[in-house]
1. Out of all the residues in segment 91-102, is one or more of a type in the set (Phe, Trp, Tyr), more than 12 Å from MET320 (Cα to Cα), under 24 Å from the mean Cα position of the chain (by Cα) and assigned to a helix (DSSP H, G or I)?
2. In the list VAL131, VAL136, VAL75, which residue meets the criterion of being within 24 Å of THR259 (Cβ to Cβ) and not small (Gly, Ala, Ser)?
3. Against the condition out of contact with any helix residue (DSSP H, G or I) (no Cβ under 6 Å at 6 or more places or on another chain), among the β-branched types (Val, Ile, Thr) and open to solvent by less than 80 Å² (accessible area, probe 1.4 Å), how does VAL161 come out, does it pass?
4. Could you give me the residue pairs with C-beta distances under 8 Å whose first residue belongs to segment 126-150 and is under 26 Å from GLN253 (Cα atoms), whose second residue is buried (at least 17 other Cβ atoms within 10 Å of the Cβ) and among the basic types (Lys, Arg) wherever it lies, and which are 6+ apart or on separate chains?
5. Within segment 256-295, can you find the residues that are more than 22 Å from the chain's Cα centre (by Cα) and either part of a helix (DSSP H, G or I) or surrounded by 19 or more Cβ atoms within 10 Å (Cβ to Cβ) (or both)?
6. So, in segment 88-107, of the ones that are open to solvent by less than 50 Å² (accessible area, probe 1.4 Å) and of a type in the set (A, V, I, L, M), which residue ends up farthest from THR319 (Cα to Cα)?
7. On the given criteria, is VAL171 of a type in the set (A, V, I, L, M, F, W, C), modelled with pLDDT under 95 and surrounded by 14 or more Cβ atoms within 10 Å (Cβ to Cβ)?
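The values are calculated or read from the model by the stated rules, or taken from the named source; none is laboratory data. Because the structure is predicted, anything quoted here is derived from the model rather than measured. No Cβ is skipped: glycine too gets one built from the backbone with ideal geometry, and neighbour counts run over all protein chains shown. For accessibility, only protein heavy atoms count, side chains too; no ligands or nucleic acids. Shrake-Rupley method; radii C 1.70, N 1.55, O 1.52, S 1.80 Å.
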Amino acid sequence: MVVTSQGNHTAPAAPPSGAAGTGATTASSAPRTRGPLKVRGNTGGRRTRRVTATRSAAARRRDLPVALLLILPAVVGFAIFYAYPTLRGIYLGFTEFHVLTPPRWVGLANFREMAGDGVFWHSLLVTLWFVALSVVFGTLISLVTAVVLHRVTDSSLLRGVMLLPFLISNVIAALVWQWMLDPHLGVVNIVLDHLIGHPVLFLGSGPWAIPSLAAISVWKWMGYYSLLIFAGLQTIPSTIYEAGRVDGASEFQMFRRLTVPLLRPILVMVVVLTVINAFQVFDIVAVTTRGGPANASNVLQMYIYDKAFRQFDFGYAATMSLALFALLITVTFTQLRLARADESDLN
């Protein structure tokens, strides 16, 4: 009988005659094995991966003390200079604290005082006016500058020159502009005197104080925001503009319908950064106008500084700082939510 393999079944066959048939029957009756070799190979691969994972876990455990030691200075610095002052400020916001006496818990008394403080609400309105001017004109000028740098010139020198104002200290920038806007000796007023016949009190009049400070802030940050937008422009494929030219679109139409929508994530980031910087303005105001004239430029940060370091009412100043912090968080998350900052039309 000849044994033939057909899956898992055997079928008898007619025996051939003679010795040849007997030998064939004996040879064909030997079992055939195919599965164990493949199983043995898979088992070896799993064992190798398991050993590799074990060695990797052991290496990570050995590297953990070194990693903790390396990040320890950053953690200590964060705890001392950020975490502790933040928690201390939150605590002081609910106390009456005048430096020479220990803090006394007053609960929500400071918040009730802030709600009825007319100077606080006036400072908040002045700050919002400054933020609006800085955001609108700063974003538009930075966008136009970045597009010009991207579409018109390839000069690295010009791009570096645009970044120079950002590298200057805020105090130095404020001093330079204070001299330039001086009503008697400033170069800006000298030119205006020849053009319109009289100088302009940019920093000394109520209507002009906040627009002048916003112009200084826009000049200071324009180069930085332009480079951010310029980096975003380089991510837009050139084929999109080529298709727009084929369709007969002008440069302005491509700017409005292609460039601006595709730059939405970058523009949202620039707007958020501008809002945060504008709400925290202090040094420019402290150097140029000191909140004057007649509180016309008394932004919220200037009022907080005056309460803390001139009137030594640190508890009430901490309360206003908490209000500003909550306002910044609300405005930032609202902007990110409404502008869909995590989405891009390039996808």
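1. For segment 91-102, residues of a type in the set (Phe, Trp, Tyr), more than 12 Å from MET320 (Cα to Cα), under 24 Å from the mean Cα position of the chain (by Cα) and assigned to a helix (DSSP H, G or I): absent.
2. VAL136
3. Working: out of contact with any helix residue (DSSP H, G or I) (no Cβ under 6 Å at 6 or more places or on another chain): yes; among the β-branched types (Val, Ile, Thr): yes; open to solvent by less than 80 Å² (accessible area, probe 1.4 Å): yes.
In short, yes.
4. Pairs that qualify, where the first residue is under 26 Å from GLN253 (Cα atoms) and the partner is buried (at least 17 other Cβ atoms within 10 Å of the Cβ) and among the basic types (Lys, Arg), are LEU149/ARG159.
5. Selection gives ARG256, ARG257, LEU258, ASP283, ILE284, VAL285, ALA286, VAL287, THR288, THR289, GLY291.
6. Filtering segment 88-107 for residues that are open to solvent by less than 50 Å² (accessible area, probe 1.4 Å) and of a type in the set (A, V, I, L, M), the one farthest from THR319 (Cα to Cα) comes out as VAL106.
7. Numbers: of a type in the set (A, V, I, L, M, F, W, C): yes; modelled with pLDDT under 95: yes; surrounded by 14 or more Cβ atoms within 10 Å (Cβ to Cβ): no.
For VAL171, the condition - of a type in the set (A, V, I, L, M, F, W, C), modelled with pLDDT under 95 and surrounded by 14 or more Cβ atoms within 10 Å (Cβ to Cβ) - is not met.
Rundown of residues vs (1) of a type in the set (D, E, K, R); (2) surrounded by 14 or more Cβ atoms within 10 Å (Cβ to Cβ); (3) in a loop (DSSP other than H, G, I, E, B), yes/no style:
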site: LEU124; (1), (2), (3): no, yes, no
site: TRP129; (1), (2), (3): no, yes, no
site: VAL136; (1), (2), (3): no, yes, no
site: LEU140; (1), (2), (3): no, no, no
site: LEU143; (1), (2), (3): no, yes, no
site: ALA146; (1), (2), (3): no, yes, no
site: THR153; (1), (2), (3): no, no, yes
